[in-house]
Amino acid sequence: MARFINRMLMAALVSVASASWAGDWPDAEPMSADQLEAASGRQGIPLQWQLNESEQNALVSGNVLSGPVKTGDNRISDQAFGNMSGIATVIQNTGNQVVIQDSTQINILINH
């Protein structure tokens, strides 16, 4: 099953890449799904070291909740992500006195 999903993702990437990036590299031919699958796991690519660090610090202190405390609703409609593209981070919280931190790191390595 995992191999099937991998092939489907590779095929989707090939079709998206060939449609959207073909103009950027007019002399380059898009790779087929079979070529991408053969290159999965960085086969034949020399090992390269990559280090990503993210440091986040937050502090919530001295806050006092008193009396009737209410929190809001978390609702996402069926079309909430209808026009989304790229990579999205969605964080929801109904609590009080909360610090939410998020970090996204995307690494792209192109060897040719």
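Matching residues to (1) loosely packed, with under 10 Cβ neighbours inside 10 Å; (2) over 16 Å from the mean Cα position of the chain (by Cα); (3) among the small types (Gly, Ala, Ser); (4) at pLDDT below 85:
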{"position": "Ala58", "(1), (2), (3), (4)": "yes, yes, yes, no"}
{"position": "Pro68", "(1), (2), (3), (4)": "yes, yes, no, no"}
{"position": "Asn74", "(1), (2), (3), (4)": "yes, yes, no, yes"}
{"position": "Thr94", "(1), (2), (3), (4)": "no, yes, no, yes"}
{"position": "Ile106", "(1), (2), (3), (4)": "yes, no, no, yes"}
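Is there a residue being surrounded by 10 or more Cβ atoms within 10 Å (Cβ to Cβ), in contact with a Leu (Cβ under 8 Å, 6 or more places away or on another chain), assigned to a loop (DSSP other than H, G, I, E, B) and at pLDDT 80 or above anywhere in the stretch 32-42? No, because not a single residue in the stretch 32-42 is surrounded by 10 or more Cβ atoms within 10 Å (Cβ to Cβ), in contact with a Leu (Cβ under 8 Å, 6 or more places away or on another chain), assigned to a loop (DSSP other than H, G, I, E, B) and at pLDDT 80 or above. Per the conditions (1) part of a helix (DSSP H, G or I); (2) modelled with pLDDT of 65 or more; (3) in contact with a helix residue (DSSP H, G or I) (Cβ under 9 Å, 6 or more places away or on another chain), the sole criterion not satisfied by Arg3 is (2). Within the set Val99, Val90, the sole residue that is out of contact with any helix residue (DSSP H, G or I) (no Cβ under 6 Å at 6 or more places or on another chain), more than 26 Å from Leu51 (Cα to Cα) and of a type in the set (Val, Ile, Thr) turns out to be Val99.
The values are calculated or read from the model by the stated rules, or taken from the named source; none is laboratory data. Remember, it's a predicted structure, so these values are computed and weren't measured experimentally. For neighbour counting, all protein chains shown are included, and Cβ atoms are generated from backbone atoms with ideal geometry for every residue, glycine included.
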